[in-house]
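Nothing in this text is a laboratory measurement; each read-out follows from the coordinates by a stated rule. Remember, it's a predicted structure, so these values are computed and weren't measured experimentally. Using ideal geometry, Cβ is built from the backbone for each residue, glycine included, and neighbour counts are taken over all protein chains shown.
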Amino acid sequence: MEIYQKESFKESFKVYFDIRMLRILLLGIISGFPWVLIGSSLSLWLKEEGLSRSTIGWAGLIFAVYAFNYLWAPLIDRIRIPWLTNKVGHRRGWIIVMQLIILLSLLCWNLVDPTANLALVITVGLIIAIASATQDITVDALRIEQIGKDEGKSMQAGAAIAVVGWWTGYKLGGVIALNAAESFEKAGFENYWQLTFLILGIVIIACNIALMFVHENQPTERQEAQKKTDEMFQSKLGTSNFATKSAAWISGTIAGPIISFFKKNGFKIALGILGFVFLFKIGEAFLGRMSIVFYKEIGFSKSDIAIYSKGLGWITTVVFTLLGGLFAIRSGVIKAMFVSGILMASTNLLFSLLAWSGKSELLFAIAVIFDDMAAAFATVAFVAFISMLVDRTYTATQYALLASIGTAGRTTLAASSGAMVDWLNGDWAIFFIITAVMVIPSLILLYMIKKDIKLSEK
């Protein structure tokens, strides 16, 4: 990393003007948009239908599928989509199929009353989550494959651009969803959320069109490495028949990436890395899961939330993600993780002040700006961290594994966020203080293992 530290700020910034960064931006947008559907839109839809905070919080368990998408990541690396793979490429073929599933799910939501068919609403949300989690595997692989394995600087810049894209898809998608819902509501449509989902379906179609501008390389290296791994397992099994070949294929596909990760880092450090990844963004997840419910309860309208939390938040996120990427390049990813963790804990306390003060547009804007700044720093550092941690032979699977473990902490534990607020008798201020404290264990763990972590920072 020393070469990056010798560069001027202007020279470091030039990496963002690589044409590959535009492709990565498009991939990030495609990845981030589905979270609008099962996050903000679903939460507010259920809230306005009169469902409890606990119900909304537990409904968020559908996000838990992101914690397990590594289980089928190896299959996505190998299984070809009939016709589509030959026409548009392996990665893009998978993304198109998942986008189609999401589109059909939105059409289903358009026909459902959540108060009468809550189970069906959640089931459809689960289908969207599975499709989105599967899509993320492919998007992340395609994003990493845009950059050469020896381009450490470009990889970190790509991580920043991917985060910008993700937040663009999530934030601006939220602006579209909330403004559309409020416009339909003011126009007198009773089922305004259902109509909103039709608008969001159009966005899905636009995402598929944009996908055609993303170049896809032929993965010859990966295929050769996978073949060698299969042959290794085959040799250990001895006999050569259909059963042993299948066993070798399954073993090489699933066990190979895991074995590689533990060999590279050592068992103790590998466990430490996994623990840190699991714990790092739990506090942010608790806050994020309940934030839109909090905004609604203290008196902000859907348009207020769209302007401050989504529109203003997007601008802040873009700016500080790019700055966060430069900070990671010039100071190192590990230092960036510590700084972003402290920022996350500090900014969560601003929401406590908002809870104590009551509705205040100024304080709301300040809290959103600083929260998004911290989230931007944390996310770009986290994405760069795990992107540089993986073995390029098993990029998709190892990245999916690490990302899934990070998501596991944010989804499974954060599902209790609504119940925690209820347990606190609706004391939002104390709730946000607790979320600030949640980041401390991860930073302690990172401090203990930081000297032994092996990153590909060429």
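In terms of the Cα gyration tensor, with a ≥ b ≥ c the square roots of its eigenvalues, is segment 360-447 rounded because a/c is under 1.5, prolate because a/b exceeds b/c, or oblate? Before the final figure, lay out each step's value.
On the way: a/c = 2.51, a/b = 1.73, b/c = 1.46.
Note, shape of segment 360-447 comes out prolate.
What order do you get for Phe261, Phe351 when you list them from fewest to most C-beta neighbours inside 10 Å? Can you show the working numbers first?
On the way: Phe261 20, Phe351 27.
Final ranking by Cβ density, sparse to dense: Phe261, Phe351.
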- request: For a quick protection proxy, order the peptides 328-337, 425-434 by their average other-Cβ count within 10 Å, most packed first.
  value: 328-337, 425-434
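Would you mind calculating the gained length between Ile315 and Val437 on full extension (0.36 nm times residue separation, minus the Cα-Cα distance), in nm to one decimal? List each step's numbers first, then the result.
Working: separation 122, 0.36 × 122 = 43.92 nm, distance 2.71 nm.
41.2 nm is the gain from fully extending Ile315 to Val437.
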query: Tell me, in nm to one decimal, what length is gained between Ser303 and Lys451 on full extension, where the rule is 0.36 nm per residue of separation less the Cα-Cα distance?
result: 48.6 nm
query: Ranking Thr138, Thr85 by Cβ neighbours within 10 Å, fewest first, what do you get?
result: Thr85, Thr138
task: Return the subset of Lys14/Lys281; Lys281/Lys302; Lys14/Lys264 for which the Cα-Cα distance in this structure is over 28 Å, preserving the input order.
output: Lys14/Lys281; Lys14/Lys264
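Report, in listed order, any pair from Lys47/Lys359; Lys47/Lys186; Lys171/Lys450 with a Cα-Cα distance greater than 26 Å. Before the final figure, lay out the partial values.
Details: Lys47/Lys359 19 Å; Lys47/Lys186 18 Å; Lys171/Lys450 33 Å.
Pairs exceeding the cut-off: Lys171/Lys450.
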- prompt: What FRET efficiency would be calculated for the residue pair Leu271, Asn191, taking the C-beta separation as r and a Förster radius of 45 Å, to the nearest 0.05?
  reply: 0.35
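What FRET efficiency, computed as 1/(1 + (r/R0)^6) with R0 = 25 Å and r the Cβ-Cβ distance, is obtained for Arg80 and Asn110, rounded to the nearest 0.05? Please report the intermediate quantities before stating the final value.
On the way: r = 32 Å, r/R0 = 1.29.
For Arg80 and Asn110, the calculated efficiency is 0.20.
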